[in-house]
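Read through the structure below, which is laid out as structure tokens, and then see the notes.
The values are calculated or read from the model by the stated rules, or taken from the named source; none is laboratory data. Computed from a predicted model, the values in this text were never measured in an experiment. Neighbour counts run over all protein chains shown; Cβ positions are idealised from the backbone, glycine included.
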Amino acid sequence: MNEQLDVQPELVIELLVRFLRAEAGKFGFRRALLGLSGGIDSAISAALAARAFGPENVLSVLMPYRTSNPSSERDALEVAKALGTPTRKVDISAMADGYLDAEQVEDRMRARQRHGALSDDRALRPLDGVARPGHRHEQQDRDPARLLDAVRRRSQRVEPARRLVQAPGLPAGRAPRPSGVRARQGPVGGPLRGQTDEEELGFGYAEADRLLHLLVDRRYSERDLLAAGFDPELIRSVVRRVAANQYKRLPPIIAKLSQRSVNHDFRYLRSWGH
Amino acid sequence: MTIRIQLAQVEPTLGNLEANRALHLAEVEAARSEGAQAICFPELSLTGYFLKDQTPEVALSRESAFLEPLVEASRRISIGVGFVERGRDGRTYNSYAWLEDGRVAGLHRKVHLVSYGMFEESRDLAAGEHYKPIESKLGRLGVLICEDLWHMEGAWLYFQQGVDALIVPSASPARGVEAGNDGLGSVRTWRSLLETTATMTQSWVVHVNRTGWEDGISFGGGSRVIDPYGAQVGELAGLDAGRLHVDVDPREAARARTRVPLRRDEKPWILRRELERLAEEDSR
């Protein structure tokens with residue numbers, strides 16, 4: 001190997017394990033779920049996750065398709081066994097083949113199905129009842145299905161209206177809502193009968209839009225907003241949501257190991273090269 | 001006479017002033033129970049580092065009531081603390097305050113803001129312009145915030161002004177995992193800089209770096225104390241948060257300068273003359 005590419009493996013592992021614990025921990029996560037393919041990338045991910053969270057807190061999900069090489073599954077099981085992580089197998093053949101024409105299922109479709117399978121509560125069931133002594137959020141996330149549900153709710157429910165539909169240059173409070181987009185709510189992304197987003201949020205879009213304009217575009221502080229006459233509870237609620245949803249506006253966090261890292265100091269526009 | 005200095009290698013929470021103040025007060029208590037007369041926190045210890053648009057939101061004037069519990073605690077122990085300062089001029093600075101006897105005894109504003117690679121301090125902060133020693137009851141102190149140490153004039157100017165110790169708070173990211181480094185390259189480079197600076201300025205050098213992660217960037221720890229001869233007398237190795245107290249004799253700096261009179265033999269007027277010559281040549 002080119003010696004300039006050689007790293008100190010123990011140091012890199014230590015950094016990555018600390019990274020996983022620290023960055024996942026900030027969001028309250030102390031368990032991991034991953035797709036184990038039998039290849040080297042997911043095997044390393046599983047090994048790092050097992051070290052960071054404890055093997056009993058990592059669920060490896062095998063998601064073969066009917067034409068997958070059986071040796072991949074054997075390799076994946078071997079990895080999981082060596083690491084001591086529980087596994088669950090979800091055969092994606094039926095759902096992939098059920099889409100359009102079974103003869104034309106492409107790789108990327110299968111990748112999406114695997115993504116879908118990883119989002120399915122049932123994939124997590126084997127972890128039910130795993131004890132985590134001394135776990136801080138024992139009550140909330142003992143049940144991984146509930147945990148995932150909470151994540152999904154968090155990620156789909158509330159992003160203040162203006163952030164979603166704002167057209168540049170429009171005055172605050174008059175942002176058009178695309179027709180048909182009535183609300184976004186509920187774990188499945190479609191409106192639940194008889195409920196609007198505004199009801200669920202507990203405040204109206206018009207008021208929130210006005211507040212967001214001052215908060216974001218005009219850099220009002222919370223104190224400024226209070227002085228401008230906004231309800232303290234509304235301020236608290238909106239400010240908290242804007243901050244708590246920031247993770248959705250940015251690419252995933254990458255551990256900075258190399259001298260130039262994506263998101264930090266490898267800086268090019270998205271349209272670079274196009 | 002020796003002074004016990006505690007290094008607080010902490011992991012602040014980004015943008016959470018309340019949590020960080022509580023962390024500081026707990027560390028101050030721990031330092032007092034160790035019998036320390038001074039405690040030094042890292043750069044921007046009250047706010048966290050990669051603040052970006054949060055910078056103005058966490059800025060505090062040096063008279064801010066928010067600092068009061070720490071200022072009050074400084075009646076019993078001297079405290080060096082990093083924060084975003086809102087100056088009277090309305091600008092924000094990367095500042096380090098020295099709290100002592102219930103007041104802000106001195107303050108340094110980072111001169112060399114870092115704006116390259118992953119850093120963009122100049123977008124959010126104004127730069128300090130002075131290296132004025134802080135007159136502490138424990139000795140004469142010069143504060144160099146992180147990058148300030150990487151430029152020679154700061155340490156040199158403090159040396160001219162006869163400081164006993166250089167306090168070097170930092171928020172230095174962990175970098176350099178290449179095989180040739182034997183540990184983190186960044187930590188090794190820092191150690192070398194600190195030892196060289198101590199040797200050349202014949203000062204105690206107290207380096208306090210932070211730990212923890214901010215969006216995938218880890219801070220490398222490696223806080224240490226170097227004596228006025230360039231020898232390390234204590235370090236916090238590794239990436240964990242931690243505490244270390246070191247007993248130092250501030251008079252040792254003066255003794256070092258008597259034994260090897262580098263300070264006596266400095267020729268600052270040559271520097272002035274040469275700078276004038278360079279300026280004149282530049283203007284031609």
Complete set of residues in segment B:178-211 that are crowded, with 24+ Cβ neighbours inside 10 Å and of a type in the set (Gly, Ala, Ser): B:Ala198, B:Ser203
Failed item, numbered, when A:Pro86 is tested on (1) away from chain B (no Cβ under 14 Å); (2) within 29 Å of A:Ala244 (Cβ to Cβ): (2)
A:Leu48 vs. criteria in the same structural domain as A:Ala111 (by TED's automatic domain parsing) and within 23 Å of A:Asp120 (Cβ to Cβ): no
Any hit, segment B:141-150, residues being in contact with a Pro (Cβ under 7 Å, 6 or more places away or on another chain) and assigned to a strand (DSSP E or B): yes
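Go through segment A:47-68 and report how many residues are in contact (Cβ under 8 Å) with a residue 12 or more places away in the chain and either farther than 11 Å from A:Val17 by Cα or aromatic (Phe, Trp, Tyr) (or both).
Residues in segment A:47-68 being in contact (Cβ under 8 Å) with a residue 12 or more places away in the chain and either farther than 11 Å from A:Val17 by Cα or aromatic (Phe, Trp, Tyr) (or both): 13 in total.
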Test: B:Phe83 is over 12 Å from the mean Cα position of the chain (by Cα), outside any loop (DSSP other than H, G, I, E, B) and within 17 Å of B:Val28 (Cα to Cα): no
Residue within segment B:118-138 that is within 14 Å of chain A (Cβ to nearest Cβ), more than 17 Å from the chain's Cα centre (by Cα) and not in a loop (DSSP other than H, G, I, E, B) present: yes
Those residues of segment B:94-124 which are of a type in the set (Ser, Thr, Tyr), out of contact with any Pro (no Cβ under 6 Å at 6 or more places or on another chain) and crowded, with 23+ Cβ neighbours inside 10 Å, in sequence order: B:Ser95
Only one of A:Glu14, A:Glu3 that is free of Cβ contacts under 8 Å to residues at least 40 places away in the same chain, outside the structural domain of A:His115 (by TED's automatic domain parsing) and closer than 26 Å to B:Val177 by Cβ: A:Glu3
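Being buried (at least 23 other Cβ atoms within 10 Å of the Cβ) and part of a helix (DSSP H, G or I) narrows it down to one residue among B:Ala31, B:Ala22, B:Ala8; which is it?
B:Ala31
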Close pairs from segment A:256-274: first more than 7 Å from every other protein chain (Cβ to nearest Cβ), partner not in a loop (DSSP other than H, G, I, E, B), Cβ under 6 Å, at least 6 apart: A:Arg260/A:Phe266
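Which count do you get for residues in segment B:90-117 that are assigned to a loop (DSSP other than H, G, I, E, B) and among the aliphatic types (A, V, I, L, M)? Break it down stepwise before answering.
Kept after step one, since they are assigned to a loop (DSSP other than H, G, I, E, B), are these residues of segment B:90-117: B:90-91, B:101-102, B:110-117.
Cutting the leftovers down to among the aliphatic types (A, V, I, L, M) gives us B:111, B:113-114.
The qualifying residues number 3.
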Residues located in segment B:46-87, provided they are out of contact with any helix residue (DSSP H, G or I) (no Cβ under 7 Å at 6 or more places or on another chain) and more than 24 Å from A:Leu215 (Cα to Cα): B:Arg62, B:Glu63, B:Ala65, B:Leu67, B:Glu68, B:Val71, B:Glu72, B:Ser74, B:Arg75, B:Ser78, B:Gly80, B:Gly82
Members of segment A:243-255 that are buried (at least 16 other Cβ atoms within 10 Å of the Cβ) and either small (Gly, Ala, Ser) or more than 8 Å from chain B (Cβ to nearest Cβ) (or both): A:Asn245, A:Ala255
Any hit, segment B:184-195, residues being farther than 22 Å from B:Ala38 by Cβ, touching a residue at least 60 places away in the same chain (Cβ under 8 Å), touching a Gly at 6+ places or on another chain (Cβ under 7 Å) and within 14 Å of chain A (Cβ to nearest Cβ): no
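Being within 24 Å of A:Val262 (Cα to Cα) and crowded, with 22+ Cβ neighbours inside 10 Å is the requirement here; does B:Ala155 meet it? So that I can check it myself, show each step before the final result.
Working: within 24 Å of A:Val262 (Cα to Cα): no; crowded, with 22+ Cβ neighbours inside 10 Å: yes.
No, not satisfied.
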